[in-house]
Amino acid sequence: MGAQPLFSLQDFYGGSIRARLAVAHLLFSQLAGELAAHAAFTGMLAQAVILQKDMARIMADLDHGALCAVCGAREGGGCCSSFMSGENDALQLLLNLLIGVPVAALREDEECCFLGNTGCLLLFKPMFCLNYNCQHIRQSAAPAQMQRLEQAVGRLLQQQYGLEQLLLVVLRRQGRLIG
Ligand code: SF4
Ligand code: SF4
C-alpha cells in the first residue's frame, strides 16, 4: 500500500475551487470510513444536519427560494457568481460529501460552479453565502423573522466551524497535515 498523501492548510483553503474540490474527494475516499466510526464527529455532523434543516425551514417561510429564482431569471442573474464559489473550502465540501451531497462542479460559466437548476447544490455553505441577505430578502421579512434566520445561520456556522476544527485535529493526529 502506498504512503497516504500529506496535506497543507493551503490545500484546504487556498488554490482554485477545482483544486479544493479534488482535495475534498480525495479526503472523502480516504477518511469516510474512519470518520463514520468517530463517535464525536458523527454526533456533531448529525447535529449540523438538524441545524441545516432548521435554517432551511426558516428560509422557506421567508420564500427565499422564490425571491432568488426571480433574480436568477433576470439578465445578470442572482448573486451566486463564479467569484463566490471561491468561498468554499475543501473541508466544508468534504462535510457535504459525508452527508451524501454529490458535490461536483456543475457549470463553467460566470456563475458559481455549485449553482444548479434548482439552486445551490450544497447543504453546508460558506459563511459568506449563509450570511448574505440582500435587500429583497430584508424588505420582504419582518424583523423578528430576520432575527430567527440570523440566529439559525449563526448556530449552523458555529457547528460547521467546530466540525472543520475536529477534522483538522484528526488529520494532525494522523500526521497527515503539515502546519
Ligand atoms: S440573495 Fe437576493 S440578490 Fe441574491 S439571488 Fe437571492 S434575492 Fe437575488
Ligand atoms: S449559495 Fe451556493 S451556489 Fe450560491 S455562491 Fe454560495 S456556494 Fe455558490
Point-to-point label distance, residue 70-residue 139, nm (Cα→Cβ direction, 7 Å offset): 0.9 nm
Label-to-label distance, nm, for residues given as residue 32 and residue 151 (7 Å Cα→Cβ offset): 3.7 nm
Cβ-derived FRET efficiency at R0 22 Å, residue 50 paired with residue 25, nearest 0.05: 0.30
Lone cysteines, the chain (no partner Cβ under 4.7 Å): 68, 71, 79, 113, 120, 129, 134
Pairwise centroid distance, computed over Cα atoms, of the range 134-156 with the range 30-93, Å: 16 Å
Low-density loop cleavage sites - chymotrypsin sites (Phe, Trp or Tyr not before Pro) in the range 1-76, where at most 10 other Cβ are within 10 Å (DSSP): none
Amide H contacts under 5 Å for residue 81, placed H, 5+ residues apart: 112
Cut-off of 10 Å, at most 12 other beta carbons, DSSP loop: longest stretch of the chain lacking such GluC sites (Glu not before Pro): 1-74
Cα Rg, Dmax, the chain, angstrom units: 17.1, 58
Calculated FRET value between residue 61 and residue 172, using beta carbons and R₀ = 45 Å, to 0.05: 0.65
The chain - mean residue ellipticity at 222 nm from DSSP helices (-39,500 (n - 2.57) per run, n ≥ 4, rounded to 500): -20000 deg cm²/dmol
Contact order normalised by residue count of the range 7-172, Cα under 8 Å, 6+ apart, percent: 29 percent
Gyration tensor over alpha-carbon atoms, the range 130-179, equivalent ellipsoid semi-axes in Å: 36, 10, 4
Dipole-positive endmost among 158, 101, 130 within the chain (Cβ charges, Cα centre): 158
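Values in this text are rule-based calculations from the coordinates and carry no lab data. Everything quoted here is computed from the prediction, not taken from an experiment. Note that each Cβ is placed from the backbone with ideal geometry, even for glycine, and that neighbours are counted across all protein chains shown.
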